[in-house]
1. Anything in segment 65-90 that is assigned to a loop (DSSP other than H, G, I, E, B) and within 22 Å of T278 (Cβ to Cβ)? List them, or say none.
2. Can you say whether F72 is surrounded by fewer than 20 Cβ atoms within 10 Å (Cβ to Cβ), in contact with a helix residue (DSSP H, G or I) (Cβ under 8 Å, 6 or more places away or on another chain) and at pLDDT 95 or above, as far as the supplied structure shows?
3. Is it the case that G243 is assigned to a loop (DSSP other than H, G, I, E, B) and surrounded by 24 or more Cβ atoms within 10 Å (Cβ to Cβ)?
4. In this structure, does F154 turn out to be surrounded by 19 or more Cβ atoms within 10 Å (Cβ to Cβ) and either assigned to a loop (DSSP other than H, G, I, E, B) or of a type in the set (S, T, Y) (or both)?
5. Given the structure, is M26 under 25 Å from E313 (Cβ atoms), in contact (Cβ under 8 Å) with a residue 40 or more places away in the chain, among the hydrophobic types (A, V, I, L, M, F, W, C) and part of a loop (DSSP other than H, G, I, E, B)?
6. Which of the residues belonging to segment 91-134 are small (G, A, S), touching a helix residue (DSSP H, G or I) at 6+ places or on another chain (Cβ under 6 Å) and assigned to a loop (DSSP other than H, G, I, E, B)?
7. Mind listing just one residue for me: the one in segment 167-179 that is in contact with a helix residue (DSSP H, G or I) (Cβ under 6 Å, 6 or more places away or on another chain) and assigned to a loop (DSSP other than H, G, I, E, B) and, of those, surrounded by the fewest Cβ atoms within 10 Å (Cβ to Cβ)?
8. Taking A41 and the conditions (1) surrounded by 23 or more Cβ atoms within 10 Å (Cβ to Cβ); (2) touching a Pro at 6+ places or on another chain (Cβ under 9 Å), which numbered condition does it fall short on, given that it satisfies the others?
Amino acid sequence: MVAMTTRAEEFCRRYGMRMPILLAPMAGVPAPALSVAVANAGGMGSCGVLLMTPDAILGWARGVRAGTNGPFNLNIWIPDPPPERDREGEDAVRGFLSAWGPPVPERAGDATPPDFAAQCAAMLEAGPAVISSVMGIFAPDFVARLKARGIAWFANVSTVAEARAAEAAGADAVVAQGMEAGGHRGCFDAAAAEAGMVGLFSLLPAVVDAVRIPVVATGGIADGRGVAAALTLGASAAQIGTGFLRSPEAGIPGAWADGLATTPPEATVVSRVFSGRTGRSLPTAYVRAATAPGAPRPAPYPVQRGLTAAMREQGVRTNDLDRLQAWAGQSASLARAEPAGELAGAIWADARRLLPAGAA
């Protein structure tokens, strides 16, 4: 009981929080308003900067600081090796996608993310409380630059081995991601993402036992029950993504928000059909068709992301769920259509009532 109190309180004190709840960084939900609301409620805001230019990263940080003095986290993917290209396979995907959106340009698969080094420089300049990694760990020189600026490094991990590697590389905390999580699987080895799926209730205590640094729990947490369970299993804090997506500050298309409300845990789908990297989403018509027998094999990341861009953009413009990249964790139906700040406060209040007396 005392240890649980100490863990959460020390974590909050270290990062300027009043409640041990973090907003999960979601590259498709960059609106500063969501982070402002969560930070003002006493949690930590976040932004997935994967697809953002350096100027956009700095602009986002300014926008958040205009609305809150609370902490925030900037998150970035560790780059994958250059993909092996298969033009014939890509043409098959382009032909398949022609039934789901505008014609896919021949060179759509050539699209690449912004320059990683320039993004890292911009994150350092923005000076957040935390910079976090996913899909791997930062190089030693960047870790040294983080430490020199007093910025904490949180490493997203999906296995015990990844957690140990992150601690050895100098991470200040690890974010243990259970397979229940919506969006991309944060695996160091992209090829092992489907085979290595571990549920949070098994992963979390194993990671807590394996490392000496704080552990943040994420994946399938969307209410006070999940937060209380995470703290009981040894986490210092809980990170919530899908649980905030129906809040108005998230600004996602209405069809996506409505889909979350009606999707049971067993209905979400893990596939590579949006980006080439493994991710969990709603079971839209496109996802069902693209994962059916006979559908073309998705191209590798980031080629598949480029190929599906026109369809996804059309889905946003037309509020068409079947063409949206509608990421969703297994607890999607627990998400509530309430202001994010009020929701964060209610989740923490519910968690405190469920924890043993004096534990939070």
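The values are calculated or read from the model by the stated rules, or taken from the named source; none is laboratory data. Worth saying up front: this structure is predicted, and the values here are computed from it rather than measured. A quick note on method: Cβ atoms are made from the backbone with ideal geometry, for glycine too, and the neighbour counts reach across all protein chains shown.
1. Result: I78, P79, D80, P81, P82, P83, E84, R85, D86.
2. Taking the combined requirement at face value, the residue does not satisfy it.
3. Considered against the rule, which asks whether it is assigned to a loop (DSSP other than H, G, I, E, B) and surrounded by 24 or more Cβ atoms within 10 Å (Cβ to Cβ), G243 comes out as no.
4. Taking the combined requirement at face value, the residue does not satisfy it.
5. For M26, the condition - under 25 Å from E313 (Cβ atoms), in contact (Cβ under 8 Å) with a residue 40 or more places away in the chain, among the hydrophobic types (A, V, I, L, M, F, W, C) and part of a loop (DSSP other than H, G, I, E, B) - is met.
6. Those that are small (G, A, S), touching a helix residue (DSSP H, G or I) at 6+ places or on another chain (Cβ under 6 Å) and assigned to a loop (DSSP other than H, G, I, E, B): G101, A111, A129.
7. Out of the qualifying residues, it is G170.
8. (2)
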